[in-house]
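Peer 1: Got a structure for you, written out below as structure tokens; questions coming shortly.
Values in this text are rule-based calculations from the coordinates and carry no lab data. Worth saying up front: this structure is predicted, and the values here are computed from it rather than measured. Virtual Cβ from ideal backbone geometry, glycine too; neighbours counted across all protein chains shown.
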Amino acid sequence: MVTIKDISKVSGFSITTVSKALNNYSDISQPTKDHILKLCKEMGYVPNSQARSLKTHKSYTIGIVFEEVTNQGLQHPLFSRILESFKRAVEAKGYDILFLARNMPNGGSYLQHSKRKQVESILVLCADFNSAELTELYQSDIPVVMIDFAAKNTTNVTSDNKEGVYQAVQHLINHNHTKIAHIYGDKNSFIGGQRKEFFEQNIQEHGLTLNEDYLKDGEFFSKEEGYQAMQELMALNNPPTAVFCASDMLAIGAINAILDAGKKVPDDFSIVGFDGIDLGQLITPRLTTIKQDAYAMGQLAADKMLGMIHPTKKAKKEENLFVDTMLVEGDTVKTLTKESL
């Protein structure tokens, strides 16, 4: 294996100068730095991560806790994009990522596993956020950034759900809908609870009647729950004309239920989703939805995390950060006329 000493011998520069070039120090000239880096590439020099860790007391490793409850795993259309954006951002700064498993042969909690692997920070997403193991992690001295959940001693990155729900409800009202239902996700979860709360708040602020029969549980935000919930809404004596779904998968399930019942979208029921996943724009009719900026969420999570673990910066450890949403108009919302009201 080519070492720094080998590079020093061939280049004629001292070991210290070679080391400074590799670590992008500013007190050596750019031509010198370029020459050394070019030589490193030609000779096949690869930095020794263990040696670097011993010298800097840093592992350059970030842990990931990912417990996807709908069995889609890394194929989840939203969280996979957030992860990809996060991964690119931290890798560009020289960090590796490590998925932290729950059931290791040698046992141990997330916190013990994190300390064993010497991870410098942890990203948590799509997990049982209130579990004892994760609570233990939040209370530790390891910086934690979470997607779509807020807890003490952590940084939370989420979409602006208040604005997103407002955009959805306002869009339906602008199309003359007043009988608006909501298929919500798990109301005990951070996201499900927020979107349900903001929906109810918006309906009342617009002077509309909040019909409890129009609130249906979609639990895991899945297509199957959306299908079942929509069947229940269609069976009502006074069904809604429009449905706001807390996720695009719930919305797709609702559309399938409507079509299977021999009815049409949006002629019989208007549908608005929340997420902006690609699948929603590939189905017929194209889904009107509130788009989350998954790339921005991953990038923001990475930026805040690197700020917390960088030795020269002082980033807040407990903070709630919001990413803007955007209404994407598809073909699933109908404008009601006086005759259809």
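Peer 1: Straight distance only, please: which aspartates and glutamates reach the Cα of residue 304 with their own Cα at less than 14 Å, same-chain residues fewer than 8 apart left out?
Peer 2: Hits, sequence-local ones excluded: 120, 318, 319.
Peer 1: If you don't mind, another one. Work out which helices of the chain, taken as complete DSSP H runs, extend at least 15 Å along their axis over the Cα atoms and score a mean Kyte-Doolittle of 1.0 or more, then list them.
Peer 2: 248-260
Peer 1: On to the next question. What full-extension length gain, to one decimal in nm, is calculated for residue 261 and residue 170 as 0.36 nm per residue of separation minus the Cα-Cα distance?
Peer 2: On the way: separation 91, 0.36 × 91 = 32.76 nm, distance 2.77 nm.
Roughly 30.0 nm would be gained on extension.
Peer 1: For the chain, just run the numbers: alpha carbon Rg, then divide by 2.2 N^0.38 Å, N being how many residues it has.
Peer 2: Values: Rg = 25.3 Å, N = 341, 2.2 N^0.38 = 20.2 Å.
Against the empirical 2.2 N^0.38 Å value, I get 1.25 for the chain.
Peer 1: Hey, another quick one. State which entries of 196/223; 20/115; 179/334 exceed 24 angstrom in Cα-Cα distance in the structure shown.
Peer 2: Cα-Cα > 24 Å for 20/115; rest within.
Peer 1: Excluding same-chain residues fewer than 8 positions from residue 38, which aspartates and glutamates have a Cα within less than 18 Å of its Cα?
Peer 2: Counting by Cα, and skipping residues close in sequence, residue 38 has these aspartates and glutamates nearby: 6.
Peer 1: May I pose another question? May I have the extent of the alpha carbons of the stretch 4-47 along their three principal axes, as whole Å values ordered from largest to smallest?
Peer 2: 24, 17, 16
Peer 1: Quick one: if you stick a label point 7 Å off each Cα along the C-beta vector at residue 310 and residue 5, how many nm between them?
Peer 2: Output for this residue pair reads 3.5 nm.
Peer 1: Could you compute the net charge surrounding residue 209? Neighbours are other residues with a C-beta less than 13 Å from the C-beta of residue 209; K and R count +1, D and E count -1.
Peer 2: Working: positive: 179; negative: 200, 205, 212, 213.
Surrounding charge for residue 209 is -3.
Peer 1: Another one. Using only DSSP helix segments of four residues or longer, with each worth -39500 (n - 2.57), what per-residue ellipticity at 222 nm results for the chain after dividing by its residue count and rounding to 500? Don't jump to the answer; show the numbers that get you there.
Peer 2: Details: 13 runs with 142 residues, N = 341.
It comes out at -12500 deg cm²/dmol, rounded to the nearest 500.
Peer 1: Using the scaling law 2.2 N^0.38 Å as the reference, what is the normalised Cα Rg of the stretch 99-186?
Peer 2: For the stretch 99-186, the normalised Cα radius of gyration comes out at 1.55.
Peer 1: While we're looking at this one, here's another question. What aspartates and glutamates does residue 264 reach when the alpha-carbon gap must be under 17 Å and sequence neighbours fewer than 8 apart in one chain are set aside?
Peer 2: Here the aspartates and glutamates satisfying the reach criterion relative to residue 264 are 232, 331.
Peer 1: Using 0.36 nm times the number of residues separating residue 139 and residue 319, minus their current alpha carbon distance, what extension gain do you get?
Peer 2: Contour length minus the Cα-Cα distance gives 63.3 nm.
Peer 1: Here is a further query. Evaluate E = 1/(1 + (r/R0)^6) for residue 64 and residue 268, where r is the Cβ-Cβ distance and R0 equals 51 Å; express this FRET efficiency to the nearest 0.05. It would help to have the intermediate numbers written out before the result.
Peer 2: Details: r = 43 Å, r/R0 = 0.85.
It comes to 0.75.
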